[in-house]
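One structure is given below, encoded as structure tokens.
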Amino acid sequence: MFPCGWRSRWALKRLTVSVEPNSSKSADGLERHVVCSELVNRITKLQRRHRVVIVGAGFGGLAAAKALRSLAVEVVLVDERNHHTFQPLLYQVATAGLDADDVTYATRGIFHRQRNATVVIGSVTGVDFDERLVDLDDGRRLAYDHLILAPGAVTHTFGVPGVAEHAFGLKSVRDAVEIRSHVLACVERADGDPLRIEDGLLNIVVVGGGPTGVELAGGLAELFSRVLRRDFPGIDLRQARIVLVEATDRVLRTFDPKLSRRATRSLERLGVEVVLGTAVREVAAHHIDLGDAGRIPCRTTIWAAGVTPAPLVERLGLERGPGGRIVVGPDLTVPGRSEVFAIGDAAASLAADGAVLPQVAPVAIQGARHVAAVVEAHLRAEAPPPFRYVDKGSMATIGRLSAVAELPGGRRLSGPPGWIAWLALHLVMLVGFRNRLNVLTNWAWNYLTYDRASRIVIDPPGEVLRNRGEERRR
Ligand SMILES: Cc1cc2nc3c(=O)[nH]c(=O)nc-3n(C[C@H](O)[C@H](O)[C@H](O)COP(=O)(O)OP(=O)(O)OC[C@H]3O[C@@H](n4cnc5c(N)ncnc54)[C@H](O)[C@@H]3O)c2cc1C
């Protein structure tokens, strides 16, 4: 029998959530570890508090863990990365406006004051729903009483040939830094050999006219026209083409058509070529094929055309709905499992009118707060409330002093008022005071000086291009 003092409970909790597999990594060691971990899970289940395991420390996972702060539960937050990423500002990292550190925050740091929360870094490989165990890639098994699945989404290639091999996605801070390094390395290369500009060395094609594509295209156009122009006086950067390709007949399709037109005009004023009603046929290393609209020679294609649930979702064997997202009921539980929830980009949660909610941060955050309320209702043996999403509007920025915003009640903003609203909202939503201060300082610096502080290419530019097959090793 295990003693029940707080020291032993603490030790058991540590064992359950952070025991490492045998360092020899032998199959035997791993098996012993799994058996040991399962035993500990079973024994501690008798002693531990009600445990809520959350998979994913994105917008949904963080909000859920915080909303469970005051409940008498143990919260275990699992993520394969050790940091939370503020995805809405990734495009500013890609366009040299912000540092990678400004849009990320160490997850352990977010929760060090929340006494009922433990952070586990590891990749979830599956869930045994009958035994209520979450499997990690290193062999650990985490027992749960409630499980919240919030693994988010990854770039969706739609099966277009060449996207996986030749295009950049923009889902992680690594993607953003890779785009920045590649674009800057191409400009360095053009500075050394200006004749290559004619082959499309400086052309950039952004695919997808949603908020991410629009923001990225606008940010790149400003980077070239206002910042790099001064760094590279020896080459004519007006030869660089920034092209935004959208399959439907307007950008920002989910916004009012008037705002879409304003956004298109603002992009064109910045020098972006907006190509509408055109689907990409193929992405190659040195061009993009737009079918009837022709080929554009380019070395940089950025795929911002859509997302699909994280690979874990396919492995879970749960019922999936539109876009491959996990089907959930009105209380966000998965069918037949009242103790398992899915939220955020990975879930197909529904609005009151039955429409599938978009894959945006407010849906993940509101879903997270709702499941915390359902967990509380379960603990009190009360009927859980249904999920009601409150649409607080959408926004997209196009560049300096230019943004469009659609607010509740049909109000719309554009130009400088929209831009200020966009800046304020993103500052408020960022995690951590240090990040807010850094972002505010960077924005003020960029605004006043037309400069962008983060134009660092960590590896030698030649190596960056060689790694993508752009240059031969001499
Ligand atoms: C470039 C970009 C710009 C955006 N701009 C906006 C915007 O302006 N406004 C807006 O509302 N929304 C925006 N979005 C969408 C918004 O970021 C998402 O809707 C939101 O992040 C979804 O939250 P989530 O918690 O479901 O997933 P995420 O925030 O993506 O978090 C998922 C987490 O799960 C982890 N994970 C995945 N698989 C595993 C696994 N197997 N094991 C362990 N951990 C795992 C990931 O590491 C990640 O930390 C943007 C998205 C992108 C990519």
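Of all residues being under 24 Å from the mean Cα position of the chain (by Cα), away from the ligand (no atom under 16 Å from the Cβ) and among the aliphatic types (A, V, I, L, M) in the range 205-245, which is nearest to H286 (Cα to Cα)? Just the residue, please.
V205
Among the residues of the range 89-131, write down those that are aromatic (F, W, Y) and crowded, with 22+ Cβ neighbours inside 10 Å. I'd like the intermediate steps shown before the answer.
Within the range 89-131, the first condition is being aromatic (F, W, Y), and the residues that meet it are 91, 105, 111, 129.
The one that is aromatic (F, W, Y) and crowded, with 22+ Cβ neighbours inside 10 Å: Y91.
Here are L62, L68, L90: which of them is modelled with pLDDT of 95 or more, under 23 Å from A346 (Cα atoms) and away from the ligand (no atom under 13 Å from the Cβ)?
Working: L62 fails: away from the ligand (no atom under 13 Å from the Cβ); L90 fails: away from the ligand (no atom under 13 Å from the Cβ).
The conditions single out L68.
Residue-wise test of (1) of a type in the set (D, E); (2) at pLDDT below 95; (3) within 16 Å of the ligand (Cβ to nearest atom).
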| residue | (1), (2), (3) |
| --- | --- |
| A143 | no, no, no |
| V154 | no, no, yes |
| A167 | no, no, yes |
| D175 | yes, no, yes |
| E178 | yes, no, yes |
| D199 | yes, yes, no |
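Picking from G277, G271, which residue would you name as being modelled with pLDDT of 95 or more, more than 16 Å from the ligand (Cβ to nearest atom) and closer than 26 Å to C186 by Cβ?
G271 is the lone residue from the list that is modelled with pLDDT of 95 or more, more than 16 Å from the ligand (Cβ to nearest atom) and closer than 26 Å to C186 by Cβ.
Any idea which of A100, A117, A150 is touching a helix residue (DSSP H, G or I) at 6+ places or on another chain (Cβ under 8 Å) and within 12 Å of the ligand (Cβ to nearest atom)?
One residue alone meets the criteria, A150.
For H370, are the conditions met, namely being touching a helix residue (DSSP H, G or I) at 6+ places or on another chain (Cβ under 7 Å) and surrounded by 12 or more Cβ atoms within 10 Å (Cβ to Cβ)?
Against the criterion (touching a helix residue (DSSP H, G or I) at 6+ places or on another chain (Cβ under 7 Å) and surrounded by 12 or more Cβ atoms within 10 Å (Cβ to Cβ)), H370 does not qualify.
Which pairs turn up if I take residues in the range 316-331 that are free of Cβ contacts under 8 Å to residues at least 12 places away in the same chain and look for partners that are assigned to a loop (DSSP other than H, G, I, E, B) and surrounded by fewer than 16 Cβ atoms within 10 Å (Cβ to Cβ) with beta carbon separation below 8 Å, at least 6 apart in sequence or on another chain?
As it stands, the answer is G329/P335, since those pairs meet every condition given.
Quick test for you: out of E376, E406, pick the one residue that is of a type outside the set (G, A, S) and under 27 Å from S70 (Cβ atoms).
E376
One line per residue, one yes/no per condition, for (1) closer than 30 Å to A221 by Cα; (2) away from the ligand (no atom under 16 Å from the Cβ); (3) of a type outside the set (A, V, I, L, M); (4) touching a helix residue (DSSP H, G or I) at 6+ places or on another chain (Cβ under 8 Å):
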{"site": "G324", "(1), (2), (3), (4)": "no, no, yes, yes"}
{"site": "V328", "(1), (2), (3), (4)": "no, no, no, no"}
{"site": "P362", "(1), (2), (3), (4)": "yes, no, yes, no"}
{"site": "G393", "(1), (2), (3), (4)": "yes, no, yes, yes"}
{"site": "A405", "(1), (2), (3), (4)": "yes, no, no, yes"}
{"site": "R411", "(1), (2), (3), (4)": "yes, yes, yes, no"}
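Restricting the search to the range 335-351, which residues are part of a loop (DSSP other than H, G, I, E, B), small (G, A, S), under 26 Å from the mean Cα position of the chain (by Cα) and farther than 21 Å from R411 by Cβ? Give the steps one after another, and end with the answer.
Quick first cut of the range 335-351, residues part of a loop (DSSP other than H, G, I, E, B) only: 335-336, 343, 349, 351.
With small (G, A, S) added as a condition, the list becomes 336, 349, 351.
Filter once more, so that each one left must be under 26 Å from the mean Cα position of the chain (by Cα): 349, 351.
If the condition is that a residue be part of a loop (DSSP other than H, G, I, E, B), small (G, A, S), under 26 Å from the mean Cα position of the chain (by Cα) and farther than 21 Å from R411 by Cβ, then S349 is the only one that fits.
Look through R325, R337, R400 and report the one residue that is touching an Asp or Glu at 6+ places or on another chain (Cβ under 8 Å) and surrounded by fewer than 18 Cβ atoms within 10 Å (Cβ to Cβ).
None of the others qualify; the one that does is R400.
Filter the range 444-474 for residues that are surrounded by 13 or more Cβ atoms within 10 Å (Cβ to Cβ), under 25 Å from C186 (Cα atoms) and without any contact (Cβ under 8 Å) to a residue 40 or more places away in the chain and give the result.
Matches in the range 444-474: E463, R466, N467.
List the number of the failed condition for P417; all other conditions in (1) away from the ligand (no atom under 15 Å from the Cβ); (2) within 30 Å of C298 (Cβ to Cβ) hold.
Tallying (1) away from the ligand (no atom under 15 Å from the Cβ); (2) within 30 Å of C298 (Cβ to Cβ), P417 fails exactly one: (2).
Is the range 425-436 home to any residue that is under 14 Å from R400 (Cα atoms) and more than 16 Å from the ligand (Cβ to nearest atom)?
Taking every residue of the range 425-436 in turn, none turns out to be under 14 Å from R400 (Cα atoms) and more than 16 Å from the ligand (Cβ to nearest atom).
Name every residue in the range 130-174 that is of a type in the set (K, R) and in contact with a Lys or Arg (Cβ under 8 Å, 6 or more places away or on another chain), in order of residue number. Break it down stepwise before answering.
Taking the range 130-174 first, the residues of a type in the set (K, R) are 132, 140-141, 171, 174.
Passing the criteria: none in range.
Any residue in the range 154-173 that's under 20 Å from G323 (Cα atoms): show its pairings with residues that are part of a loop (DSSP other than H, G, I, E, B) and among the charged types (D, E, K, R) at Cβ separation under 7 Å, as long as the two are six or more apart or on different chains.
Within 7 Å, the pairs are V154/K171; T155/K171.
Count, please, the residues in the range 188-231 that happen to be touching a strand residue (DSSP E or B) at 6+ places or on another chain (Cβ under 9 Å) and polar (S, T, N, Q).
Adding up the residues that qualify gives 2.
The values are calculated or read from the model by the stated rules, or taken from the named source; none is laboratory data. Just so it is clear, the model here is predicted, and its values are computed rather than measured. Neighbour counts run over all protein chains shown; Cβ positions are idealised from the backbone, glycine included.
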